[in-house]
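Contents: one structure, followed by commentary.
The values are calculated or read from the model by the stated rules, or taken from the named source; none is laboratory data. Keep in mind the model is a prediction, meaning the values are calculated, not measured. FYI the Cβ positions are ideal-geometry reconstructions off the backbone, even for glycines, and counts take in every protein chain you see.
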Amino acid sequence: MTTQMLVQIPLLVAVGWLLSRSFPAHVLARVERWNHRGITGLVLATAAATFWMLPRSLDTATGHPLMVAAKYLSVPLLIGLPFAVSWPRMGFVVRGVFLVEFVATFFRLGWLYLISPIRLCNNYALNDQQRLGGYMLAFGGGLLVWLAWKLLWGRFESFSSTHLRSAPMPQQ
Amino acid sequence: MTTGPDSALTAVWRTAVVSAALLLVGAVALAAATDGFQAFTTETARRVAVRRQPADLPAVALENQSGARFTLADLRGKWLLVDFIYTRCPTFCTALGADFARLQQQLARPIAQDRVQLLSISFDPTRDPPSQLAAYLGRFRGRSMMGWQAARPLTPDGLQQLTAAFGITVIADQHGGYTHNAAIHLVDPEGRLVDIFDLGDLHPIRETILRNLSQ
């Protein structure tokens, strides 16, 4: 359970991110017309991620071949790729809301896994679930510290459109 | 590609429309994936599923604590309460056994009329021969030998068919035992799995059976 959620799924997201780097600039510029400030991509990635946060989805994805295939395809293509394309276009507020919500999700799920007396997945033992909960709380805590540090001492300009390496803005 | 504030504005509208559509699709997908926001775990899902659509059960060859052989089909005509165990189990199966012992007392009358029966099926057949099954039953039933048998599937394939039909997932733990989803399964006289109950609270089980028997 820990491996699937904290190693495999992040790696699949990274695959989607790598894919996004292979897209030529003119394709990204076309996508931009439907993805103002990265909102569409963020909505798509969040919806897909919500599905994979269901204990039931993760449980089925341990054995059922169709769900395994769905996971390997949808996590890179519907989470990693749209998010990687959209992140550089997101404004400061959108990024801030996303990051805080991301941290909060780790805290919520981590806490649930840690204290739940029942197993949420039939394919994983209770101690695995609790270990995952602990790791998620630690990871969320780390992210929060990083975020706080960034807010207090970081440079917000690095959050700006200088990240747009290859894709030109629509208006020159 | 057009440029200027107009295209920026259309991009906003396009984004809003596509995002709203994605949200809608996401909500529909999530509803479908959770049986209408009822079942977020596999364990709840299998309960929702059998209540909606009773599941036919395979006629797998079983051997009980006295070595007698039968199949689930042979038990048709009566209400059957089924649980899955392994006799070395230190935790859940003990709770299941205790629950079954109480049900055996509380349902003594319909059991005596041969309208209800209890069946504990071992998912560890190689280590649960009839002698072990008999010892397991002996740990729980003090007074009566009636209406409760323990059995093991005779083939690995039979075991696989049974766990698939009932929705039982068994995983090995670090102590040489197993972790498994423990529940009490209700099979109707037509031999279909019609309901699944949690351990510990016997009231709904008893009520369901008595209600069905009085119909």
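Only one entry in A:L28, A:L73, A:L42, A:L12 is at pLDDT 95 or above, within 24 Å of B:R14 (Cβ to Cβ) and among the aliphatic types (A, V, I, L, M), namely A:L42.
B:T126 fulfils the conditions (1) touching a Phe, Trp or Tyr at 6+ places or on another chain (Cβ under 6 Å); (2) more than 23 Å from B:L103 (Cα to Cα); (3) hydroxyl-bearing (S, T, Y) except for a single criterion, (1). Summed over the range B:109-123, the residues that are touching a residue at least 40 places away in the same chain (Cβ under 8 Å) and assigned to a strand (DSSP E or B) give a count of 4.
The set of residues in the range B:29-46 being outside any loop (DSSP other than H, G, I, E, B) and in contact (Cβ under 8 Å) with a residue 12 or more places away in the chain consists of B:T42, B:E43, B:R46. Tallying residues that are surrounded by fewer than 16 Cβ atoms within 10 Å (Cβ to Cβ) and either of a type in the set (F, W, Y) or not in a strand (DSSP E or B) (or both) within the range B:166-176 yields 4.
The set of residues in the range B:39-60 being among the polar types (S, T, N, Q) and more than 11 Å from every other protein chain (Cβ to nearest Cβ) consists of B:Q53 alone. For the range A:10-20, a residue qualifies if it is loosely packed, with under 15 Cβ neighbours inside 10 Å and touching a Lys or Arg at 6+ places or on another chain (Cβ under 9 Å), but none of them does.
Screening B:L9 against (1) surrounded by 12 or more Cβ atoms within 10 Å (Cβ to Cβ); (2) at the interface with another protein chain (Cβ under 10 Å from one of its Cβ atoms) leaves a single unmet condition, (1).
Restricting attention to the range A:18-47, which residues are closer than 27 Å to B:A27 by Cβ, part of a helix (DSSP H, G or I), at the interface with chain B (Cβ under 8 Å from one of its Cβ atoms) and of a type in the set (A, V, I, L, M, F, W, C)? Across the range A:18-47, the qualifying residues are A:I39, A:V43, A:L44, A:A47.
Looking across the range B:94-117, the residues that are of a type in the set (S, T, N, Q) and either crowded, with 19+ Cβ neighbours inside 10 Å or more than 20 Å from B:Q215 (Cβ to Cβ) (or both) come down to B:T94, B:Q104, B:Q105, B:Q117.
Do we find a residue being part of a strand (DSSP E or B) and either over 29 Å from B:R211 (Cα atoms) or of a type in the set (D, E, K, R) (or both) anywhere in the range B:75-91? The answer is yes, given that some residue of the range B:75-91 is part of a strand (DSSP E or B) and either over 29 Å from B:R211 (Cα atoms) or of a type in the set (D, E, K, R) (or both). Does any residue of the range B:93-108 turn out to be within 14 Å of chain A (Cβ to nearest Cβ), in contact (Cβ under 8 Å) with a residue 12 or more places away in the chain and under 18 Å from A:I118 (Cα atoms)? Yes, the range B:93-108 contains a residue that is within 14 Å of chain A (Cβ to nearest Cβ), in contact (Cβ under 8 Å) with a residue 12 or more places away in the chain and under 18 Å from A:I118 (Cα atoms). Surrounded by 17 or more Cβ atoms within 10 Å (Cβ to Cβ) and farther than 30 Å from B:T169 by Cα: is that true of A:W87 in this structure? It is true that A:W87 is surrounded by 17 or more Cβ atoms within 10 Å (Cβ to Cβ) and farther than 30 Å from B:T169 by Cα. I'm checking my understanding of the structure. Among residues of the range B:76-92 that are surrounded by fewer than 19 Cβ atoms within 10 Å (Cβ to Cβ) and in contact (Cβ under 8 Å) with a residue 24 or more places away in the chain, which one is nearest to B:D201 (Cα to Cα)? Selected residue: B:P90.
Once the range A:49-84 is narrowed to residues that are among the hydrophobic types (A, V, I, L, M, F, W, C) and free of Cβ contacts under 8 Å to residues at least 24 places away in the same chain, the residue that is surrounded by the most Cβ atoms within 10 Å (Cβ to Cβ) is A:F51.
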